[in-house]
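Have a look at the structure below before the remarks.
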Amino acid sequence: MTTKMSHGPELRSKILQGVNTLADYVATTLGPKGQNVLIQQKDKRPFVTKDGVTVAAHVEFEDPHVNAGALVVKQVSAMTNSEAGDGTTTSTVVSRSILNQASKYIQSGISPIELKRGLEKCCEVACDGISNLSRPISSTEDIMHIATISANNDKVIGELVSTAVDKVGKNGSISIENGKSHNTTLELVEGFKFQSGFAARAFINDERRGICKYENPMFLVTDSRIENVKDILPALEIAARENRPFVIVADEIEGQALAALIMNTVRGSMKVAAIKAPSYGETRRDIMDDLALTTGAKFFQQSMGHVLTEISLSDFGTAKSIEVSKFKTIIVDGEGDYEKVDARIEEIKSEISETEDMSEAENLQSRISRLSSGVGIIHVGASSEVELIEKRHRIEDALEAVNSAQQDGVVLGGGMTLLKISEALENANIDFETAGESAALEILNDALQSPFETMALNAGLNPEVIKMKLQGKKESEGINFLTGQIEDLFEAGIIDPAKVTRCALKNAVSVSSTLLLTNHSIVEI
């Protein structure tokens with residue numbers, strides 16, 4: 001193994017080279033008139049995508065220092081995608097602008113540390129400004145607009161996603177599967193969702209979405225703390241014999257037992273996933289009990305004297321599919337006894353009518369919602385595998401964007417919100433302590449305008465001319481890059497989730513300002 005080192009101006013130049021090339025490929029996808037990117041991995045079929053984080057993930061360079069700089073900025077896409085599910089291209093474009101502008105100030109002798117402090121102060125004010133400009137989602141039409149914009153202005157996908165969100169309700173979930181026809185359709189089934197995820201990232205089998213997904217899994221549900229592999233060995237042997245994915249939900253899975261499950265996953269000898277039991281105390285026991293009922297599993301409880309090593313095939317639960325992320329688990333179409341589920345719901349309803357404790361009533365109501373909620377399955381149809389992958393990426397982005405919009409509301413789309421924030425920053429009273437810190441204001445101002453300018457260029461328009469035309473217009477007016485006309489963007493449905501915009505900015509400032517302090521690089525080859 002050899003080591004390559006670089007430092008000073010040479011390193012900064014290589015970092016900028018990697019960042020600029022990465023941003024060029026990612027930025028071409030931004031906006032309604034952005035272009036697709038063709039990607040082919042070795043020994044795999046090529047596919048086409050307009051998803052920024054997917055494009056970024058496949059950009060690599062031969063020079064290790066150029067590649068290392070690009071890898072750091074890739075983290076912006078990954079972080080934004082993880083937090084908000086969209087906005088990955090915006091965050092990459094903003095990062096590129098910050099690094100390019102800041103490098104000029106560093107070359108003139110300004111301290112990178114002062115620039116970093118100034119950027120953080122400006123970013124805090126800008127993020128507050130985004131929150132102040134947001135307005136809550138008020139209708140299904142808003143959801144359709146959000147989904148349509150995120151799906152590259154595909155109204156069919158926008159309508160399908162808004163229908164799915166409306167049908168499953170507040171406590172429902174939506175899953176995506178490959179369809180068996182050319183048409184993309186929506187199916188509603190029973191589902192069970194709880195707020196807890198996988199015990200280790202090694203269980204992820206869909207890297208793009210950061211989830212673990214299995215079809216026709218077997219469930220082991222227990223309140224035991226599992227450390228020794230011998231405790232679950234009989235269960236593993238049964239699952240291996242049945243040749244089906246094995247999912248264990250337990251209070252804690254650690255030590256030798258977790259290592260064994262991870263080893264099976266990494267080697268590919270078995271499809272397994274370990275999930276931490278949700279919540280704590282009595283609430284945890286209730287959720288686990290309801291989970292066992294929904295899937296038809298036996299709930300192995302220490303207090304009842306149940307022994308895991310005595311498990312048989314009939315003690316496992318089953319479901320159509322399971323989707324596990326870092327903080328959430330969705331079980332689709334559990335094969336429990338529906339009559340028993342209905343009886344449990346009626347039992348809980350009677351408990352609600354008898355309790356006077358508001359907190360307890362809310363917990364009981366959440367149990368009913370969990371047991372009776374539905375899952376919408378979007379079956380993605382296409383004429384070819386290339387089209388299927390591209391369409392699936394857009395639907396996934398649309399769902400994540402809607403989820404973010406439901407949490408924190410919406411703001412003007414088309415880069416207009418960041419453009420307006422850049423104008424407001426100039427009049428903000430920010431407490432800069434040095435001239436170096438104050439230089440950050442101009443850097444971030446340019447960066448905030450970069451997504452708008454990129455969308456304009458992708459649409460074949462002059463960004464400076466558009467800015468001049470927008471002067472004196474109403475707060476809600478902006479450019480519709482699809483038509484090239486100035487319109488009321490809220491009325492036209494050109495809106496973005498506030499959370500996506502804020503996370504894109506926050507993560508871009510975080511990663512790029514850290515790179516500013518980098519002066520030496522050591523890369524193992």
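Odds and ends about this structure:
- The residue list 141, 124 contains one member that is more than 21 Å from residue 77 (Cα to Cα) and either of a type in the set (D, E, K, R) or modelled with pLDDT of 90 or more (or both), which is 141.
- Exclusive hit being under 27 Å from residue 212 (Cβ atoms), among the small types (Gly, Ala, Ser) and under 31 Å from the mean Cα position of the chain (by Cα), set 321, 312: 321
- Residues of segment 42-98 that turn out to be open to solvent by 10 Å² or more (accessible area, probe 1.4 Å), more than 13 Å from the chain's Cα centre (by Cα) and aliphatic (A, V, I, L, M), as a count: 6
Residue by residue, here is whether (1) polar (S, T, N, Q); (2) touching a residue at least 40 places away in the same chain (Cβ under 8 Å); (3) under 27 Å from residue 202 (Cα atoms) holds:
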| residue | (1), (2), (3) |
| --- | --- |
| 280 | no, no, yes |
| 287 | no, yes, yes |
| 293 | no, yes, no |
| 299 | no, yes, yes |
| 307 | no, no, no |
| 310 | no, yes, no |
| 320 | no, yes, yes |
| 327 | no, yes, yes |
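- Test: residue in segment 278-285 that is open to solvent by less than 20 Å² (accessible area, probe 1.4 Å) and either touching a strand residue (DSSP E or B) at 6+ places or on another chain (Cβ under 7 Å) or at pLDDT 90 or above (or both): yes
- Considering 437, 360, the condition of being farther than 30 Å from residue 180 by Cβ, assigned to a helix (DSSP H, G or I) and in contact with an Asp or Glu (Cβ under 7 Å, 6 or more places away or on another chain) is satisfied by 437 alone.
- Some residue of segment 446-460 being more than 26 Å from residue 80 (Cβ to Cβ) and not in a helix (DSSP H, G or I): yes
- Set 479, 522, 486: member being in contact with a strand residue (DSSP E or B) (Cβ under 9 Å, 6 or more places away or on another chain), in a strand (DSSP E or B), open to solvent by 80 Å² or more (accessible area, probe 1.4 Å) and at negative phi: 522
- Test: residue 399 is open to solvent by 20 Å² or more (accessible area, probe 1.4 Å) and touching a Gly at 6+ places or on another chain (Cβ under 9 Å): yes
- In summary, residue 430 fulfils each of the numbered conditions (1) assigned to a helix (DSSP H, G or I); (2) in contact (Cβ under 8 Å) with a residue 24 or more places away in the chain; (3) β-branched (Val, Ile, Thr) with the single exception of condition (1).
- Helices (runs of 4 or more DSSP H) wholly inside segment 219-306 containing at least 3 residues that are under 17 Å from residue 367 (Cβ atoms): 281-295
The values are calculated or read from the model by the stated rules, or taken from the named source; none is laboratory data. Predicted, not measured: the structure shown is a model, and the values here were computed from it. A quick note on method: Cβ atoms are made from the backbone with ideal geometry, for glycine too, and the neighbour counts reach across all protein chains shown. We work out accessible area using only protein heavy atoms, side chains counted, and drop any ligands, DNA or RNA first. Shrake-Rupley method; radii C 1.70, N 1.55, O 1.52, S 1.80 Å.
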